[in-house]
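This report concerns only the one structure given below.
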Amino acid sequence: MSSSRTNLKTAFKKTRTIGPLYTGGAVALTTDGKWLVTCVGEEVVLTDIDEGTEICRFVTDTAAVTALCVTPSGKQLALFTASMALRIYDLPTTSAPVPKPIHPIRSIARAHDAPVHICKADPTSTYLASGAADGTVKVWDIARGFVTHVLRGHGGVVSALTWSFPRTASLGLEERALRLITASVDTRVRVWDLARGAERARSGKQVKPEAILEGHVSVPRGLDVTEDGRWLVTGGRDSVVLVWDMEARVSKTSGKGKEKESGPVLVNTVTVLERVEAVGLLTEGEELAGSSSGSGQIRFYTAGEKGVVRIWDGKKGSVICTLGDEQAGASADEEEQRQILDAIYVPSISTILSIHADQNILFHSLQTGTLSRHLIGFNDEIIDASLLRSTSSPTSDSHLALATNSSLIRLYSTQTLDARLLAGHTDIVLCLATSASGSVFASGGKDRAARLWAPSSDAASWSWACVGICEGHAESVGALAFSKQNTASGGLKFLFTGSQDRTIKMWGLTSVSTTSPVADITRCKSLSTTKAHDKDINALDVSPSDSLLASGSQDKTAKVFAIEFNGAGKGGLKLLGTCKGHKRGVWSVRFARGTRMLATGGGDRTVRLWGLEDFACLKVLEGHGNSVLRVDWMGGDGPGGGSGQVVSAAADGLVKIWDVGVEECVATLDGHEDKVWALTVSKDSRTIISGAADSVVTFWEDCTEEQEAEKETARAELVLKSAFRIEQDFQNYLALHDYRRAIELALSLAHPGRLYKLFKDLSSSDESSGEFASSITGHPAVDEVLRTMAPSDLARLLRYVRTWNTRASTAGVAQRVLNAIVRLRPAAEVVAAFEAPSVFDADVDDSAGATRVKEEGGIRELVEALIPYTERHLSRMERLVQESYVVDYVLGEMDGGVGEDDDEDGIGMDVDFEPATVKV
C-alpha cells in the first residue's frame with residue numbers, strides 16, 4: 001500500500017463548537033465570575049466562560065424567560081417565564097458538561113398574576129424578591145417555596161429592586177434589619193421593612209412601605225445600596241442618578257400642624273446626560289485604573305444608551321473613568337444596537353459586565369480600565385471563515401475570523417469564547433482570505449471594497465486593525481485571493497478581488513506596512529482589471545507557486561489565468577484555459593498543494609477535479625444532496641507528496657472528506673442544520689473548521705490514529721477474551737470427561753498444543769493403569785472418539801501426529817495416537833480421509849483477516865514422512881534396551897563380585913554383547 005493511502009484521514013471528532021450564546025433577555029453571573037447564565041431563544045444555558053464550554057441547559061416550560069437570577073451562594077438558579085411560572089434549579093457542582101437538561105427542583109405554575117420583569121435573591125440566599133407588571137412584589141422562601149410577603153402599592157410595572165441587609169460589626173444578627181427597596185414606572189422608590197411588614201400582615205393590616213422616595217421624573221432602572229446600608233443610589237431614564245442618605249431624618253409639619261420625622265434624605269443629584277439602564281455601587285477599597293481609593297468614598301457606575309460604562313464619584317458628581325469606546329458619528333440604528341440594557345458588577349474579579357442590545361456581552365476590568373473579555377451572543381449566518389496567526393504565536397493558528405450577516409467582522413480566539421468586533425465596512429462582509437504568513441487577512445463586502453487587517457500594536461488588548469483598503473469595483477466584492485508567497489523582505493506581494501461586476505482586479509500590496517503602527521490606512525493601487533466571466537464571480541484561488549489564478553463563476557465555468565507580476569508596480573492576467581462541465585454555477589475553486597490539479601465545487605452537487613495541462617475533467621466526486629459551496633485540500637504538501645484529500649461543504653449541512661485516488665467519500669461530518677457556507681483547514685491538515693447558516697462554528701479534529709489504536713486495542717482484547725473463553729471451555733470439557741468436545745474444539749481452532757497435552761496427560765494418569773489399562777490411549781472415551789472421528793478431523797490429527805513424530809520429546813505421544821488410529825480405524829477409512837476435498841491444515845477465523853492455506857499432498861506423503869522417523873525411534877529404543885542390559889550386568893558385578901557364575905538365587909544371566917560397543 002502506498003504512503004498516500006496509509007496517510008488518509010478517515011475519522012474526525014467534534015472537539016469544540018461556537019454556537020449561539022445569548023439571544024436576548026436576562027443574564028446572570030455567579031459571584032466568582034466563572035459561570036454565565038444566558039437565554040438562547042426559550043432555553044436557558046449555563047456556560048463556563050473561562051473554558052468556553054457549555055455546561056448544561058435547563059428545562060423550561062417552552063415560554064420565553066422574562067427574569068432570572070443566581071443566588072449569591074452560587075448554588076441555585078431562579079427564573080420566571082412568560083407563563084408567570086417560577087422555577088428553581090440546583091446548579092451543577094463542577095464544570096463538567098452535563099449531557100441531559102437539568103429539571104427544576106421546584107416549580108410554581110402561577111407565581112404572579114402578571115409577567116415578572118425583575119427578580120433578585122437576598123445576600124444570604126434565603127429569600128427571593130420578584131416584581132411583576134401589575135405592580136406587585138412578592139418575597140419567596142427559596143428553600144420551602146412559599147410566599148412570605150406580598151407588597152402592593154406600586155403604580156405600574158416594577159422596574160428595579162435591591163436588598164438592604166447591613167453588615168455593620170456593631171449590630172448583632174438579630175439587630176440587622178432586612179429591607180427591600182423597589183421602584184416602578186410611577187417614578188417612585190419604596191423602602192420596605194420586611195420584619196415590620198410581617199407583623200402587620202399577621203395582624204391583618206396592609207403592609208405599607210417604610211418610606212417613599214420621590215425625585216425621578218422618569219422610570220428608575222437601577223437601584224443599589226452600600227453594604228452598611230447607609231447610602232442608596234437610584235438611576236433612571238431621566239438621565240440623572242440620585243444619592244440618598246438612608247440614615248438621615250428630617251422633620252416635616254403635616255397639615256394638622258404636627259411635626260413628623262421622615263427619611264431618607266436626598267443628598268446629591270448627578271446628571272449623567274444619557275438614559276440610565278443600570279446603576280450599581282462599587283465596594284469600598286476597589287482599585288480603579290488611574291484613580292486612588294479612599295475611605296468614605298461613594299463610587300458608582302452607570303450604563304445606558306451610549307454603550308459605555310462610567311465610574312462616578314458620588315459626592316463630587318464627576319466621572320472618574322470610562323470603560324468602553326463611545327462611537328462618534330454612528331447612525332441611529334447603530335447607536336440603538338450598541339446601547340447597554342443591563343450591567344453587573346462582580347467584586348471578586350473587579351469586573352463590570354455590560355449586556356448590549358446587539359447581543360454582545362463585554363467584561364470591563366476595573367483595575368486596568370480595558371476590555372478583558374468580549375462574548376458574542378449571536379452570529380447570525382456564518383458566511384466565511386479564515387484561520388489567523390497572531391504575532392505572539394506565529395507557528396500555530398491562534399484566532400479565527402468570521403464573516404457573518406453583518407458589517408462587523410467577528411474575531412475569535414481558537415481556545416476560548418473571547419472575541420472582538422472589527423468595524424470598517426459599511427455593508428455586509430461577504431468573504432475573507434488569509435495571507436501566506438497567516439497574520440494578515442483581507443475582507444470583501446457589499447460596500448464594493450476590500451480591506452486589509454493586521455495585528456494591532458495595542459499591547460493592552462489583542463485585536464486586528466485595518467491597514468489597507470482596495471476600492472474600485474462597481475459591485476459587491478465576493479471573492480479574494482492572496483499571493484501564496486511573500487516578498488524577499490517578508491512583505492505582501494499582491495491580492496486579487498472578484499466582484500459581481502464580473503471583473504477581477506489585481507492589487508499591489510508592497511507599499512502596505514503590517515509590522516508597525518500606521519496612522520493612515522494605505523490606499524492600494526490596482527495593477528490590472530480583467531473582464532473574466534459572464535456572471536458573478538464567486539471564488540478565487542492562487543496556486544502555491546504564485547504562477548496561476550483560478551476563478552469560479554455563476555456562468556458554470558472555472559477559468560485558469562497565468563499571473564504576471566514583476567514586483568515593480570506592474571501585473572496582469574493571461575487566460576490559459578476554461579474548465580467546462582458543471583451544470584450550475586461554480587461556488588468554490590482550490591489548487592492542490594502537491595500536484596497540478598484544481599478542485600471545484602458547484603451547484604450541481606458535485607466536486608470536480610481538473611488537470612492543469614489540458615484543463616480536462618479528471619474525476620467527479622458525487623455524494624452531496626445539495627449545492628457544494630466550499631472545497632479545500634488536505635495534505636499533499638508533505639515529504640510524501642501526492643494530491644492529498646479533498647474536503648467539501650454543501651448546502652445539505654454536511655462536510656465530506658474524499659479519497660481522490662479511489663473517488664470515494666471516506667468520512668461524513670454531520671454537525672450543522674443548515675447550509676455550510678464557511679470551510680477552512682489548518683496548515684497541518686489536522687483541524688477542519690466549518691461554519692453554517694445555523695450560526696454554529698464547529699471544530700473537527702483528526703482522530704484517525706486514535707480510532708485505529710482503539711480498534712487495535714479492542715481487537716486485542718477480543719482475542720484475549722476469546723482465548724480465555726476457549727481455554728475455559730476446554731478445561732470444562734476435560735473436567736467433565738467430555739473428551740469428544742474437547743478434541744473437536746482443539747481441532748477446529750487448530751490448537752495442536754492442547755491436543756498433545758490431552759493425550760500426554762491421559763497416558764501418564766493413574767486411570768491408564770487401573771480399570772482403563774486395556775485402553776490404547778489411556779481412556780476408552782478417547783478411543784471411541786478416535787474410532788468415530790470425522791474424516792477431515794482424522795486427517796488433521798494425523799498431520800499433527802506427523803509433526804509430533806519428528807521430535808524425540810513428543811514422539812511417544814505421537815506413536816500412541818498413531819497406534820490407536822491404526823488399530824481402531826480400517827486402512828480404507830484412513831486413506832479416504834485424505835482423499836476428501838478442501839482439507840485444510842488450519843482453521844482460522846476469516847473475520848480476523850487471516851487466509852486459509854490448503855494442505856498439499858495426501859496419504860502417501862504422510863506415510864513417507866512417518867516411516868523414517870518411526871524407524872529412527874525404533875532403532876533408538878532397541879539401542880537403549882541393549883544399553884540397559886549392560887547397566888544391569890555392571891550393577892550385578894558390583895554387588896556379587898566378578899567371576900561368580902550364580903547369584904544368590906541360583907539364577908544365572910547370560911549376556912551376549914560385543915565389548916567394543918559398550919559405552920560408559
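Computed from the coordinates by the stated procedures, all read-outs in this text should not be read as laboratory data. Everything numeric here is computed off the predicted structure, so don't read it as measured data. Glycine gets a Cβ as well: all are built from the backbone with ideal geometry, and neighbour counts include every protein chain shown.
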| If one computes the Cα centroid of region 654-714 and of region 523-569, what distance in Å separates the two points? | 29 Å
| message | For Cα pairs less than 8 Å apart in space and 6+ apart in sequence, what is the mean separation divided by the residue count of region 379-702, i.e. the relative contact order in percent? | response | 11 percent
| note | Mean separation of Cα contacts under 8 Å (at least 6 apart) over the residue count of the chain, i.e. the relative contact order in percent, is 6 percent
| Rg [Å, one decimal], Dmax [Å, integer] - region 379-702, C-alpha atoms | 18.1, 54
| query | With +1 on each Lys and Arg Cβ and -1 on each Asp and Glu Cβ, how big is the dipole of the chain about its Cα centre, in debye rounded to the nearest 20? | reply | 5760 debye
| Counting only residues 5 or more places away or on other chains, whose amide H sits under 5 Å from the amide H of MET634 once H atoms are built in the peptide plane? | GLN645, VAL646, VAL647
| message | Check which residues have an amide H placed less than 5 Å from LYS306's amide H, if you skip close sequence neighbours. | response | ILE340
| note | Spelling it out for HIS149: with amide H atoms placed in the peptide plane at 1.01 Å from N, the residues 5 or more places away or on another chain with amide H under 5 Å from its amide H are VAL139
| message | What lysines does LYS9 reach when the alpha-carbon gap must be under 26 Å and sequence neighbours fewer than 8 apart in one chain are set aside? | response | LYS484, LYS619, LYS656, LYS675, LYS683, LYS711
| note | Checking rank on 498-505, 120-127, with mean other Cβ inside 10 Å and highest first, the result is 498-505, 120-127
| region 62-88 and region 365-390: distance between their alpha carbon centers, rounded to Å | 28 Å
| What's the lysine pair count for region 519-577 at a Cα cut-off below 13 Å, pairs eight or more apart or interchain? | 6
| What lysines sit close enough to LYS75 to cross-link, taking a C-alpha to C-alpha distance under 22 Å and skipping anything fewer than 8 places away on the same chain? | LYS34, LYS100, LYS120, LYS138
| note | Burial-style ranking of 605-615, 232-242, average other-beta-carbon count within 10 Å with highest first, yields 232-242, 605-615
| note | Projected onto the charge dipole of the chain (unit charges on the beta-carbon of Lys, Arg, Asp and Glu, signs +1, +1, -1, -1), the Cα from GLY74, VAL40, THR803 with the largest positive-side position is that of VAL40
| query | Out of these labelled values of mean projected area of the Cα convex hull in nm², (1) 52.1; (2) 41.8; (3) 68.8, which was calculated from the coordinates shown here? | reply | (3)
